[in-house]
Amino acid sequence: MYGLVLEGGGAKGAYHIGALKALEELNVEIEAVAGTSVGAMNGAMFVQNKLDIAYDYWYNISTSKVLDIEDKYLSEILSLSINQDNISYFIKKAKEVLQNRGLDNSFLKEILKNNIDEEKLRNSEIDFAIVTLSLSDLKPLELFIDDIPQGKVIDYIMASSYLPAFKMQRIDGKILVDGGFYDNLPLNTLLNKGYKKIIAIRTYGLGNIEKQIDDDKEMIFINPSQELGRMLNFDQENARKNIKMGYYDTMKYFKNLDGNKYYLNIKKDEGFFINYLLNLDKKTIKRLLKQLSLAEEPYLRSFFENSIPKLVNLLEIDYQSNYTVIVTRLLEELAAYLKIDRYKIYTFEELLRLVRENYQKKDKDLTRKLPAFIKTSSLLPKQLKEDLILEIAEKLFI
């Protein structure tokens, strides 16, 4: 059984939901949950066996619901699209915030009020802890459910999520704020309680991270494979993307999937990929060597001794990477360029088939027009490097 740690991160908390859904499907047994900020909220729902309800909230979320700010205006201000209309709106909103002494957080309170059953949380077989920080006496609080006064569970979960921008409230005469100011990833909260096997769901949110771990502990980190967006970007499309990402990143770890941009169930050994390259026809290999301004004869030797190291450099992967990684990374680049859905588990053959079905040859081919000294340079600009990778992938797979 594992202890589960949920990192704070505001809107990035959608990632937790996908990860928790995967853990549930995988029948991973959890004996304790510790969360900071949004991690405390999502953790409380999980401990109560209300993950489906939490999923619905996150799937249908919007910035206007959470922050009482219209999505249109927040999107414009975050993208630095400043105009007379949105400036007037934010001046008006700033006045409201000042009058109320903070952003309205009634939406979050309502969610907790409607969904947190204190007795169910206290009687759960899964231990539960939150992290918050007392501004009144500058003291961090790592509170397990038994440490929280009766009838105050919702207040303390809410306190763990009190960013300074939110309207503050006193609890038992003290001002408590977001636990991320003390420990945004509360590993030690569980480790110090004696839990030795931990799964930590990362969001890379703001705040302090304590990660001093002894060698006798088993730690699993589920890390986002792509950017999750801003902490206050509760955009529905972004939330749904992050839910999917959390689900598949977790599946990737526990099912030992391969891939960088995709989730690949590679059923073939490295020999399969070496043979794939060996079976390329001579004309294709020579075209590729010419593309890289490399010696075309002896073509097989030049291909493996000269072009493979060049590919490793272009793909920015470890020099020790095997042929499975090299070939699949090239295929992934082409798949991403063709906008093939990344949120699915593919075999190599399935992804290759989709790439070939979706490929349309481009009229323009930038890299063929590049001078040889540019194509062989190790300091290619990012866009030219990406174009060159796609050209090579095209030759290998199309």
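Readers should treat all values here as calculations from the given coordinates under stated rules, not as data from a laboratory. Predicted, not measured: the structure shown is a model, and the values here were computed from it. Backbone-built Cβ (ideal geometry, glycine too); neighbour counts: all protein chains shown.
Some values worked out for this structure:
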{"quantity": "Long-range HN-HN contacts of Phe128 with modeled amide H, under 5 Å", "calculated": "Val33, Ile145"}
{"quantity": "Simple label model, 7 Å out from Cα along Cβ direction - Lys152 to Ser293, nm", "calculated": "7.1 nm"}
{"quantity": "Computed lengthening from Asn322 to Glu218, 0.36 nm per intervening residue step minus Cα-Cα distance", "calculated": "34.7 nm"}
{"quantity": "Label-point separation, Ile398 to Glu237 (7 Å along Cα→Cβ), nm", "calculated": "2.7 nm"}
{"quantity": "Gained length - Asn123 relative to Glu29, 0.36 nm times residue gap less alpha-carbon distance", "calculated": "32.1 nm"}
{"quantity": "In region 246-324, chymotrypsin sites (Phe, Trp or Tyr not before Pro) in a DSSP loop with at most 11 other beta-carbon atoms within 10 Å", "calculated": "Tyr319"}
{"quantity": "Global geometry of region 234-297, whether rounded, prolate or oblate, following the gyration tensor of its Cα atoms and the 1.5 cut on a/c", "calculated": "oblate"}
{"quantity": "Estimated FRET transfer efficiency (Leu280, Asn60; beta-carbon r; R0 51 Å; 0.05)", "calculated": "0.55"}
{"quantity": "In sequence order, calculated HN-Hα J values of region 333-346 (Karplus, 6.51, -1.76, 1.60; Hz; x Gly/Pro)", "calculated": "4, 5, 5, 5, 4, 8, 6, 6, 3, 8, 8, 6, 8, 10"}
{"quantity": "Contour excess over end-to-end distance, with Cα ends at Asp269 and Glu386 and 0.36 nm allotted per residue", "calculated": "39.4 nm"}
{"quantity": "Residues with amide H under 5 Å from that of Leu133, placed H, sequence gap 5 or more", "calculated": "Leu141, Val177, Gly179"}
